[in-house]
Every structure is written in structure tokens, then in C-alpha cells.
Amino acid sequence: MGAKVSKAKRPKRRWIGIAIPATITTRDDLKLFLKSSPLSPYNIKIYDFHDGETDVAVSVCKTYGLSGELGIAIVCVLLLEYGSIREYFDSELNRSLASLSSSGKIRLVRERLGLPKPLRR
């Protein structure tokens with residue numbers, strides 16, 4: 001077994017807080033949605049997920065002035081792919097996902113969105 005890779009040599013990541021359609025009610029639904037979207041070539045991992053009916057999602061929607069019962073998720077992307085993914089969020093092709101916040105630290109995205117830290121299992 002090789003030596004542990006130092007933190008400086010690991011791939012850099014960005015976390016993005018997104019609003020998702022109310023029709024997506026589970027993590028698996030979101031995974032399928034991302035795989036069938038133009039974002040499918042990218043390595044996107046889902047960290048936090050709150051469907052549109054949860055108090056957390058309702059609170060975030062009120063804070064950001066979003067209408068409807070939108071769900072909230074935090075996804076992790078590689079820094080090398082971050083620019084392309086942000087371009088998609090801002091493009092005319094995207095009609096279902098909205099980027100709310102992004103950072104190199106998941107803690108900051110959670111704080112900005114007012115999301116609780118998930119319990120350890």
C-alpha cells in the first residue's frame with residue numbers, strides 16, 4: 001500500500017447549494033435527474049438533500065424568495081469542472097435547477113442556506 005496522498009495533492013472541490021424541482025422527492029430521483037441532464041458527463045456527488053415538503057427546504061425558499069415547493073440539495077463537484085457546471089446553471093438550457101450558494105467549504109454553504117449539519121451515522 002502506498003503512502004497517503006497529502007491534502008495539497010488531492011483534487012480540489014467545490015460545494016454548490018441548489019434548488020431542485022418539487023417533483024424530485026428522493027436522492028435517487030436527483031441522481032437520475034442529473035444523469036439524464038446535460039450535467040451527466042460531470043462527476044457530481046450529492047451530500048445534503050431536503051425535499052420540498054421539509055421545513056428546512058421551506059425555510060430556505062422563503063429566505064431566498066423562491067416560489068413553490070422547491071427541494072434543496074448540496075452537491076460536490078471537482079474544481080476543474082466547476083466553471084462548466086456554473087455556466088450550465090446560468091444558461092438558457094437550464095430551467096429546473098437554481099444555484100443558491102457555492103464555496104470551497106461545505107460548512108459555509110450550509111451556513112448560508114441555513115441547513116442543519118447532518119447527524120453522524
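Just one of the numbered conditions (1) of a type in the set (S, T, N, Q); (2) modelled with pLDDT of 90 or more; (3) over 15 Å from Glu53 (Cα atoms) is not true of Ser6; which one?
(2)
Considering only residues of segment 1-60 that are closer than 22 Å to Ser84 by Cβ and charged (D, E, K, R), which is nearest to the chain's Cα centre (by Cα)?
Applying the filter and picking the extreme gives Lys45.
For segment 13-32, which positions are of a type outside the set (Val, Ile, Thr), closer than 16 Å to Arg95 by Cα and surrounded by fewer than 17 Cβ atoms within 10 Å (Cβ to Cβ)?
Ala22
Is it the case, given these coordinates, that Ser103 is modelled with pLDDT of 95 or more, surrounded by 13 or more Cβ atoms within 10 Å (Cβ to Cβ) and not hydrophobic (A, V, I, L, M, F, W, C)? Quick ask: steps written out before the conclusion?
On the way: modelled with pLDDT of 95 or more: yes; surrounded by 13 or more Cβ atoms within 10 Å (Cβ to Cβ): yes; not hydrophobic (A, V, I, L, M, F, W, C): yes.
The answer is yes for Ser103.
Within segment 43-80, how many residues are basic (Lys, Arg) and under 20 Å from Lys12 (Cβ atoms)? Give the steps one after another, and end with the answer.
Of all residues in segment 43-80, those basic (Lys, Arg) come to 45, 62.
Of the ones still in play, those that are also under 20 Å from Lys12 (Cβ atoms) are 45.
Residues flagged as basic (Lys, Arg) and under 20 Å from Lys12 (Cβ atoms) within segment 43-80 amount to 1.
Among the residues of segment 75-121, how many are over 13 Å from Gly17 (Cβ atoms) and of a type in the set (D, E, K, R)?
Counting residues in segment 75-121 that are over 13 Å from Gly17 (Cβ atoms) and of a type in the set (D, E, K, R) gives 8.
The values are calculated or read from the model by the stated rules, or taken from the named source; none is laboratory data. What you see is a predicted model, and the numbers here were worked out from it, not measured in a lab. FYI the Cβ positions are ideal-geometry reconstructions off the backbone, even for glycines, and counts take in every protein chain you see.
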